[in-house]
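The values are calculated or read from the model by the stated rules, or taken from the named source; none is laboratory data. If you're wondering where the values come from, they're calculated on a predicted model, not measured in any experiment. When we count neighbours, we look across all protein chains shown, and the Cβ atoms used for this are built from the backbone with ideal geometry, even at glycine.
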Amino acid sequence: MATRTLPVKRTGKAGSTVFLKTLMAVTGIIFVLFVLAHMYGNLKLFFGEQSFNDYSEGLRTLGEPELPRHGLLTILEIILGVSVVLHIYSAIALWKRAQHARPVRYTVKKRVAASISSKWMRWGGVFLALFIVWHLLEFTLVRINVGSGGQVAGITQNPYELVVHSFQVWWLTVIYLVAMVALFMHLNHGIWSASQTLGWTSTPSARVKAKAIALVVALVVSIGFAICPFFVLVGVIS
Amino acid sequence: MNLTLKIWRQDGPNDAGALVTYPISDVSEDMSFLEMLDVLNEQLILDGKEPVAFDSDCREGICGMCSLMINGMAHGPEVTTTCQLHMRSFKDGDEITIEPWRAEAFPLVKDLIVDRSSFDRIIQAGGYISVNTGAAPEAHSVPVSKPAADRAFNTATCIGCGACVAACPNASAMLFMGAKVTHLGELPQGQPERDARVIKMINEHDAEGFGGCTNIGECAAACPKEIPLDVISQLNHDFRKAKHAH
């Protein structure tokens, strides 16, 4: 029988790099489900003011009468908030580890297999975090008003008007379109990476499928989001 | 052909290192990369200079001793080990930058030599099966399915050279561990220690100072034995399912 020649330095699973990756993957999947639902809701802009505002009101009354007004929405917001914290925490912890793991850099280093999406994962993530803060200040907390609509229509009164007036400002639409490119890249690598981390891609065919699903979901979400501000800017939605 | 080599020179672990330029002429395209370095070293010795220290052993691509980051690619531009890389992969007039593997867990010893014993300690932590020694058992007494045998063989081809770590943007050794965990996990003999193996290996990996995997795929592209990325998924899968560490 083999006798132990070395003490095991640490036991247990929590705190390991793979645990941190799992945390990142699970919270990431929560975000994927959220952006899919959010994107679907945004498309109601194309069905007119009444439809979009009814949907917006519907979110606040979700779960009524069993739950109070804004009840289920608050629960979902808490889940998303906790997920953001865990996602960023694991990202920073792994980023730091990666820097410690290679203290001396290569003078020449070629990247053979890395996709553009994977190269931008960390800085793209930082950009998305900043974008989300801006987005919440603008449309959830309504602290930043861009365009003429913001001053007259709070989001609770007329969200449709707020959205349309905001995106008639060209530079705001540009910021959002750039953010959607960042979101596409983050999802494209993130969904595949999460599948791999959760151990769902242990065969070559599963790997191909996971990469295809990641690409399709990333395209659907980013294009679905992007067409709303774009069509407001060009005047199709007004 | 005539080449310009830029080689990392460093006297010892705690000394400062730098790239030093060496012109080399009349290199045959039939030489292996290491033979080309042998020629350079003979010239350096004749000139009374310190030869370039680099690792090599079998020189037939099976031992995993040779390393070298060649123009930013682990083992150079071909999918093979440095010893099996030939000078026909380069052109006359090329400038070739040669650096050691760079990782906290692979401390530099001298010039292009790094200490890869962290890999040995990962294997010692869990990359084995426990059997009684004595007469070898009859090979067919434990049936193994063809697909399982194939996958076990394919992943057992890992020679532990460390190219995966060298190429990884995070200096992670997940492909190396994934190969071993998949190899033993596919076989009946690997089952009793399967849970403990993956936990102990990852603990040791983290303690050695390797980075975390971001599933970019540089490791699999650099691997001279073409170990595929799905072994990392297998490793993550086994880790998630593992219940006990003993």
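Annotations for the structure displayed:
- Applying a threshold of 9 Å to beta carbon distances and a minimum spacing of six or more residues, or different chains, the list of pairs starting in the stretch A:88-115 at a residue that is more than 7 Å from every other protein chain (Cβ to nearest Cβ) and ending at one that is of a type in the set (Gly, Ala, Ser) and outside any loop (DSSP other than H, G, I, E, B) reads A:Ile88/A:Gly125; A:Ile88/A:Ala129; A:Ala91/A:Gly125.
- Any chance B:Val109 is over 15 Å from the mean Cα position of the chain (by Cα) and at pLDDT 95 or above: yes
Table: residues versus (1) of a type outside the set (D, E, K, R); (2) more than 21 Å from B:Ala163 (Cα to Cα); (3) under 23 Å from the mean Cα position of the chain (by Cα).
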site: B:Val20; (1), (2), (3): yes, yes, no
site: B:Phe33; (1), (2), (3): yes, no, yes
site: B:Phe54; (1), (2), (3): yes, no, yes
site: B:Asp57; (1), (2), (3): no, no, yes
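- Top-ranked residue in the stretch B:226-246 [being outside any loop (DSSP other than H, G, I, E, B), more than 7 Å from every other protein chain (Cβ to nearest Cβ) and of a type in the set (A, V, I, L, M, F, W, C); ranked as surrounded by the most Cβ atoms within 10 Å (Cβ to Cβ)]: B:Leu235
- Scoring A:Val232 on the criteria (1) within 30 Å of A:Glu49 (Cβ to Cβ); (2) surrounded by fewer than 18 Cβ atoms within 10 Å (Cβ to Cβ) leaves a single failure, condition (2).
- Index of the failed condition, A:Ser51 passing every other in (1) at pLDDT 95 or above; (2) under 24 Å from A:Cys228 (Cβ atoms): (1)
- Flag set for B:Ser67, criterion: among the hydroxyl-bearing types (Ser, Thr, Tyr), within 14 Å of chain A (Cβ to nearest Cβ) and closer than 26 Å to B:Cys164 by Cα.
- Pairs, first under 27 Å from B:Cys168 (Cα atoms) in the stretch B:88-100, second of a type in the set (Asp, Glu), C-beta under 6 Å, six or more apart: B:Arg88/B:Glu29; B:Ser89/B:Glu78
- Looking at B:Pro13, B:Pro51, just one residue is in a loop (DSSP other than H, G, I, E, B) and free of Cβ contacts under 8 Å to residues at least 12 places away in the same chain, and that residue is B:Pro51.
- The residues listed here are B:Ser130, B:Ser118, B:Ser56; of these, the one that is in a loop (DSSP other than H, G, I, E, B), hydroxyl-bearing (Ser, Thr, Tyr) and surrounded by 17 or more Cβ atoms within 10 Å (Cβ to Cβ) is B:Ser56.
- Filter result for A:Ala194 (within 14 Å of chain B (Cβ to nearest Cβ), surrounded by 15 or more Cβ atoms within 10 Å (Cβ to Cβ), in contact (Cβ under 8 Å) with a residue 40 or more places away in the chain and in contact with a helix residue (DSSP H, G or I) (Cβ under 6 Å, 6 or more places away or on another chain)): yes
- Only a single criterion out of (1) more than 10 Å from chain A (Cβ to nearest Cβ); (2) at pLDDT below 95; (3) surrounded by 18 or more Cβ atoms within 10 Å (Cβ to Cβ) is not satisfied by B:Ala135, namely (3).
- As for the stretch B:203-225, it holds no residue that is more than 7 Å from chain A (Cβ to nearest Cβ), of a type in the set (Val, Ile, Thr) and either in a helix (DSSP H, G or I) or in contact (Cβ under 8 Å) with a residue 12 or more places away in the chain (or both).
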